[in-house]
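Comments concern the structure below.
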Amino acid sequence: MLQRFLDPQVLNSISSLDLVAKTVVDGFVAGLHRSPTFGFSQEFAEYRQYTEGDDLRHVDWNVFARTERVYLKRFKGETNSQLLVLLDSSASMTYKSGNISKLDYARYMAASLVYLSSQQRDASGLIVFDEDVKTYVPPSTRQGQLMRLLHGIEQAEGGQRTDFLKPFKHFQEFLRRRGIVIVLSDFYSDPVEICKAIEPLRYRGNEVVMFHILDPNEVKPNFRDPVMLLDIEDNSAMEVSPEYARNEYRAKIQHHLQTLSDKAAAAGLGYVFMDTSTPLDTGLRNYLSLRQRRR
């Protein structure tokens, strides 16, 4: 039951991005409370179980509606960490074989991350980029920050080619405080060059995680007849046979994924692969684990 609140196909029917984020995070938190390994998330300081005499004004009724268990929100006065989300809005991110594009999925993930971060009273920021920086919202905990972030994410549209150098240079120039950096991209570039651009962020003491987002059809294409494939970013085209797609292409994409994972690990970068059918709790769990480690 709870898993459906994390299903991208279900979220695609929700028009409001802030409601998407709230739905995902509430479903995720409720799932943690039901999990036998909930001890992992006790550091998720926003909630504790109700005991007799507690002030009912602090009960989270959304969690109660999903779990029939009573938990109270607990707030910390100080910011514990800082999150910066870098969202790739290049043309290739607009690809979709079903109802959800990679950019849609990345928006859901980004919105859920900043929503969870705001619930934790962390400072959150955003960079939307393609070949240039399109949107920059500096990390902050000031009033209205969540709405500014969600607006920036909502306005992200498919642009040009991807250039990792500009946004990451921008990040290094303007970010003064160490924290957690999440990069949401399809990473269609040379793995060595990608990690070379991202690796300097680690030198400043940041925890960096690359969320690699692809469409299932990009990983395992399945068609019966030869097709003409068009590159969304440079308009180049090539004819591909079903045999090539099943054999050579699949071997090449798996090699790309493995190489990127290996290079990221060697550079001290976190790497998480997610196709657009993956429930969003995968990303939230990775973020929450990082946040716990920084305490």
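The values are calculated or read from the model by the stated rules, or taken from the named source; none is laboratory data. As the structure is a computational prediction, the values presented were derived from the model and not from experiment. Methodologically, a virtual Cβ is constructed for each residue, glycine included, from the backbone with ideal geometry; neighbour enumeration extends over all protein chains shown.
Please give the helices (runs of 4 or more DSSP H) falling wholly within the range 129-213 in which 3 or more residues are farther than 18 Å from G270 by Cβ.
Working: elements: 145-154, 165-174, 191-198, 200-203.
Here the list reads 145-154, 165-174.
Among the residues of the range 124-146, is there at least one that is more than 21 Å from F164 (Cα to Cα), assigned by TED's automatic domain parsing to the domain that holds H212, crowded, with 20+ Cβ neighbours inside 10 Å and modelled with pLDDT under 90?
no
Name the residues in the range 248-295 that are surrounded by fewer than 17 Cβ atoms within 10 Å (Cβ to Cβ), modelled with pLDDT of 90 or more and either within 18 Å of R178 (Cα to Cα) or not assigned by TED's automatic domain parsing to the domain that holds M109 (or both), would you?
G268
Right, A237: over 20 Å from L103 (Cβ atoms) and at pLDDT below 75 or not? Let's see the steps before the verdict.
Numbers: over 20 Å from L103 (Cβ atoms): yes; at pLDDT below 75: yes.
So A237 fits the description; yes.
Output yes when any residue across the range 81-89 is farther than 24 Å from R204 by Cα and in the same structural domain as R285 (by TED's automatic domain parsing), and no when none is.
Residues of the range 81-89 that are farther than 24 Å from R204 by Cα, as a first pass: 89.
This time we only want the ones that are in the same structural domain as R285 (by TED's automatic domain parsing), so: 89.
Scanning the range 81-89, I find at least one residue that is farther than 24 Å from R204 by Cα and in the same structural domain as R285 (by TED's automatic domain parsing), so the answer is yes.
Might you check whether a residue that is buried (at least 19 other Cβ atoms within 10 Å of the Cβ), at pLDDT below 85 and not in a strand (DSSP E or B) occurs anywhere in the range 84-99? Full working, then the answer.
First, pick out the residues of the range 84-99 that are buried (at least 19 other Cβ atoms within 10 Å of the Cβ): 84-93.
Filter once more, keeping what is at pLDDT below 85: none.
Within the range 84-99, not a single residue is buried (at least 19 other Cβ atoms within 10 Å of the Cβ), at pLDDT below 85 and not in a strand (DSSP E or B).
Which of the residues belonging to the range 262-292 are among the hydroxyl-bearing types (S, T, Y), within 20 Å of D215 (Cα to Cα) and touching a residue at least 40 places away in the same chain (Cβ under 8 Å)? So that I can check it myself, show each step before the final result.
Restricting attention to the range 262-292, the residues satisfying the condition of being among the hydroxyl-bearing types (S, T, Y) are 271, 276-278, 282, 287, 289.
Among the residues that remain, those that are also within 20 Å of D215 (Cα to Cα) are: 271, 276-278, 282.
Once the filter is applied, which keeps residues that are among the hydroxyl-bearing types (S, T, Y), within 20 Å of D215 (Cα to Cα) and touching a residue at least 40 places away in the same chain (Cβ under 8 Å), the range 262-292 yields Y271, T276, S277, T278.
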